[in-house]
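Nothing in this text is a laboratory measurement; each read-out follows from the coordinates by a stated rule. Just so it is clear, the model here is predicted, and its values are computed rather than measured. Note: ideal-geometry Cβ built from the backbone for every residue, glycine included; neighbour counts use all protein chains shown.
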Amino acid sequence: MRFVIKADNERTPRLASDETYRALLTIIQTVNKNLITDAIYREGYDTPDGKRSRVEDQLAISYKNKCAYCERLCKADIEHYRPKKGVAEDKDHEGYYWLCYEWTNLIPSCITCNREGAKHNQFPILGVRVNAPTMLPDGNLDVTQCRANNAPLLNEIPFLLHPEVDRPEDYFDFKIDPRGEGIRILGNDVNGRGNQTIQICLLNRKEIKLDRVERVIDDFKVAIQSLFIQLESGALSEDQLVEKTIHHLQLLKEYSLSEDKTHTYLRKYIVRSSANFEKIVLPFLDMKVRKIILEAFKSIEPL
Ligand SMILES: [Zn+2]
C-alpha cells in the first residue's frame with residue numbers, strides 16, 4: 001500500500017451530477033439498497049474496443065494502474081472501501097449505503113484482495129461505528145461528513161487502512177519470509193491496524209511475497225552478480241566495481257520515486273536506511289559480496 005492523493009475535482013461527471021445526488025437522496029430516504037446502481041458508480045461508456053468505466057479509468061490514473069492494497073499492476077475493480085450493503089462484523093448494520101457514490105469511498109482493488117474470504121464486506125473498527133448518514137435540517141445530506149478523512153467516519157478508526165488517509169510508513173515494516181517465500185509485510189503500530197489490514201486483504205499470500213522479490217530485488221541482484229563476475233575475470237577493477245555498484249544503488253532510489261512501478265512502498269522502505277537495505281536486500285545476494293555492497297550503500301546514505 002502506498003499513500004495516494006486523489007483530488008476531489010477528479011470525480012467523474014456523472015458521480016458529481018445533481019441527478020446522482022437526487023438518486024442518492026432517494027436511497028437514503030428509503031434505505032433501499034437495491035436502488036444502488038453500478039451504472040452510476042462505474043459510469044460505463046462505449047468505445048470501439050468495448051465498454052469501459054470512467055470511474056475505473058480515473059482510479060487507474062490516481063493509483064497508477066495498481067491495486068490500492070497489494071500494489072500489483074492489475075485491471076482493478078471498483079471497490080467500496082466501506083461496504084455499501086452490509087458489514088461482516090455487524091449483522092445489524094445496513095452497510096454504508098449512503099457512501100455508494102462517495103468519491104473517497106471508491107478505490108481500485110484487484111479481484112484477489114477484494115474477493116470473499118479476503119476484504120469483501122469486512123470492515124472492523126476500533127472506534128465508534130457510524131450507522132447512518134448525517135442529514136442537514138433542510139433534508140439535504142451533509143456531504144462533508146461522507147468523506148473518509150473527516151469526522152465522524154475518521155472516528156471509526158477502521159482497522160483497514162485507507163490509502164488516501166493513512167500513511168503506510170506509520171504502520172508497516174518488511175522482513176524476509178522465514179520459509180524462503182520472498183518478502184513479508186508486517187504491521188508495527190500499537191493498535192494493530194497494520195496487521196489487521198494485512199490479514200483482511202491477505203497481503204502475505206505467496207504470490208505477492210514472491211512478486212515483491214521478483215519486481216523489486218531481482219534486477220538489482222542480477223546486475224550485482226554480473227559485476228562480480230566481471231571483477232573475477234579481470235574485466236573490472238575494484239574501483240570500477242564500486243562505481244558501478246553505486247550506479248545500481250542510485251537506480252534503486254530512482255525506482256522508489258517512480259510511483260508507477262509496483263510495490264512503491266517497499267521500494268521506499270528499502271532505500272530509507274542501511275538497516276532496511278541490509279535486512280531486505282542483502283540476504284538475496286551472494287554471501288561474499290554483501291560486505292562491499294553494504295559499504296557502498298553506506299557511503300552514499302541517505303540515498
Ligand atoms: Zn490487490
Point to revise | From phi via Karplus (6.51, -1.76, 1.60), per-residue ³J(HN,Hα) for the stretch 278-292 in Hz, x at Gly/Pro | key: 4, 6, 9, 9, 4, x, 8, 9, 4, 3, 6, 9, 4, 4, 5
Check your understanding: When the Karplus curve 6.51 cos²θ - 1.76 cosθ + 1.60 is applied with θ = phi - 60°, which whole-Hz ³J(HN,Hα) does each residue of the stretch 147-154 get, with x for Gly and Pro?
Key -> 7, 4, 9, 10, 5, x, 5, 4
Exercise for review: Choose one answer from His80, His247, His93: the residue with the largest mean-square fluctuation in a GNM of the chain with alpha-carbon springs under 10 Å.
Suggested key: His247
Point to revise | Separation of the Glu295 and Gln230 label points, Cα + 7 Å toward Cβ, nm | key: 1.9
Review point. Given a Förster distance of 45 angstrom, what is the FRET efficiency for Asp38 paired with Asn276, based on the Cβ-Cβ distance and rounded to 0.05?
Key: 0.60
Point to revise | Calculated SAXS-style log₁₀ I(q)/I(0) at q = 0.19, 0.22, 0.23 Å⁻¹ - the stretch 117-217, Debye, Cα scatterers | key: -0.97, -1.16, -1.22
Check your understanding: Quick one: Glu238, Glu181, fewest Cβ neighbours within 10 Å first, how do they rank?
Key -> Glu238, Glu181
Practice item. Could you list the residues of the stretch 33-74 with an amide nitrogen less than 14 Å from a label point located 7 Å from the Cα of Ile111 in the Cα-to-C-beta direction? Key: 74
Check your understanding: Across the stretch 216-303, how large is the tail of the calculated P(r) beyond 15 Å, expressed as a percent of all Cα pairs?
Key -> 56
Review point. What does the convex hull of the alpha-carbon atoms of the stretch 182-263 project to on average, in nm²?
Key: 7.1
Exercise for review: Please compute the Cα-Cα pair-distance distribution of the stretch 1-70 with 10 Å bins starting at 0, giving whole percents from short to long.
Suggested key: 18, 39, 34, 9
Revision key, fill the gap. Surrounding charge for Lys279, neighbours by C-beta under 13 angstrom, Lys/Arg +1, Asp/Glu -1, total +1
Exercise for review: Name the residues whose placed amide hydrogens come within less than 5 Å of the amide hydrogen of Ile183, ignoring near sequence neighbours (fewer than 5 apart) on the same chain.
Suggested key: Asp177, Leu210, Arg212, Val213
Point to revise | Cross-link reach list, lysines versus Lys6, counting only Cα pairs under 28 Å and skipping chain neighbours closer than eight places | key: Lys33, Lys51, Lys64, Lys66, Lys75, Lys84, Lys85, Lys119, Lys209, Lys253, Lys261, Lys268
Review point. What base-10 log of the normalised intensity I(q)/I(0) is obtained for the chain from the Debye formula, alpha carbons as equal point scatterers, at q = 0.07 Å⁻¹?
Key: -0.34
Point to revise | Alpha carbon centroid spacing (whole Å) that separates the stretch 259-279 from the stretch 152-187 | key: 14
Check your understanding: Nearest 0.05, what FRET efficiency do Ala7 and Asp177 give at R0 = 35 Å with Cβ-Cβ as r?
Key -> 0.40
**Study point:** Rounded FRET efficiency, nearest 0.05, which uses the C-beta distance separating Arg167 from Asp46 and R0 of 35 Å
**Key:** 0.35
Exercise for review: From zero up to wherever the largest Cα-Cα distance of the stretch 1-140 sits, split into 10 Å bins and tell me the percent of pairs in each.
Suggested key: 11, 38, 38, 12, 1
Study note, to complete from the structure: Counting as exposed only trypsin sites (Lys or Arg not before Pro) in DSSP loop states with no more than 10 other Cβ atoms inside 10 Å, the longest exposed-site-free span of the chain is 180-303
Point to revise | Sequence-distant residues sharing a close amide H with Phe172 (under 5 Å, placed H) | key: Asn188
Exercise for review: As a check on your grasp of the helix formula, calculate [θ] at 222 nm for the chain: sum -39500 (n - 2.57) over DSSP H runs of n ≥ 4, divide by the residue count, round to the nearest 500.
Suggested key: -10500 deg cm²/dmol
